[in-house]
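**Student:** Below is the structure I would like to discuss, written out as structure tokens.
The values are calculated or read from the model by the stated rules, or taken from the named source; none is laboratory data. Computed from a prediction, not measured in an experiment: that's the story for all the values here. Neighbour counts are summed over all protein chains in view; Cβ atoms, including those assigned to glycine, are modelled from backbone coordinates with ideal geometry. Accessible surface areas use protein heavy atoms only, side chains included; no ligands, DNA or RNA. Shrake-Rupley method; radii C 1.70, N 1.55, O 1.52, S 1.80 Å.
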Amino acid sequence: MNEKDLLLTAVKAADDKRAEDILVLNMKGISLIADYFLICHGNSDKQVQAIARELKEKAMEKGFTVKRLEGFDEAKWVLVDLGDVVAHIFHRDERSYYNLERLWGDAPIENVQSELNQ
């Protein structure tokens, strides 16, 4: 399994739990933290937790390691560190406040929409 498989697993898991505005930033050459940032949001604490839980479970089912899971109990901004992919799952209000898309505006956006339609 490679980083693209991990990325697609994470994107599909988020989509399965109806995450909104799924965006993937290609962080290669921009950040040493990860190759990809997945950014999405849910409309309630429960949905944010469901997205994070699904992402963790699907990654583990496919043999990927979940290095860290932070913010789950508060469910305002949950970070799921999968190594090459770091998922940022926000509550709707928190996403607009932190605006990671603008912060990392120099990162190219990966087109993952075609993968979701399969």
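**Student:** Report whether or not Glu74 is touching a residue at least 40 places away in the same chain (Cβ under 8 Å), more than 17 Å from Glu3 (Cβ to Cβ) and either acidic (Asp, Glu) or in a loop (DSSP other than H, G, I, E, B) (or both).
**Tutor:** no
**Student:** Now for a separate question. Would you mention how many residues in the stretch 83-102 are over 9 Å from the mean Cα position of the chain (by Cα) and either at pLDDT below 95 or of a type in the set (Val, Ile, Thr) (or both)?
**Tutor:** The qualifying residues number 13.
**Student:** Take the residues of the stretch 38-53 that are open to solvent by 10 Å² or more (accessible area, probe 1.4 Å) and either in a helix (DSSP H, G or I) or in contact with a Ser or Thr (Cβ under 8 Å, 6 or more places away or on another chain) (or both): which is farthest from Ala107 (Cα to Cα)?
**Tutor:** Ranking the candidates gives Lys46 first.
**Student:** Which ones in the stretch 77-109 are touching a strand residue (DSSP E or B) at 6+ places or on another chain (Cβ under 7 Å), charged (D, E, K, R) and not in a helix (DSSP H, G or I)?
**Tutor:** Passing the criteria: Asp81, Asp84.
**Student:** In addition: Restricting attention to the stretch 69-118, which residues are among the small types (Gly, Ala, Ser) and either open to solvent by 50 Å² or more (accessible area, probe 1.4 Å) or in contact with a helix residue (DSSP H, G or I) (Cβ under 8 Å, 6 or more places away or on another chain) (or both)?
**Tutor:** Answer for the stretch 69-118, where residues must be among the small types (Gly, Ala, Ser) and either open to solvent by 50 Å² or more (accessible area, probe 1.4 Å) or in contact with a helix residue (DSSP H, G or I) (Cβ under 8 Å, 6 or more places away or on another chain) (or both): Ala75, Gly83, Ala87, Ser96, Gly105, Ser114.
**Student:** Could you tell me which residue of the stretch 2-33 is farthest from Gly83 (Cα to Cα), considering only residues that are assigned to a loop (DSSP other than H, G, I, E, B) and modelled with pLDDT of 90 or more?
**Tutor:** So the residue we want is Arg18.
**Student:** Within the stretch 54-68, take every residue that is open to solvent by 60 Å² or more (accessible area, probe 1.4 Å) and in contact with a strand residue (DSSP E or B) (Cβ under 9 Å, 6 or more places away or on another chain) and give me the one that is nearest to Val112 (Cα to Cα).
**Tutor:** Residue satisfying both the conditions and the ranking: Lys56.
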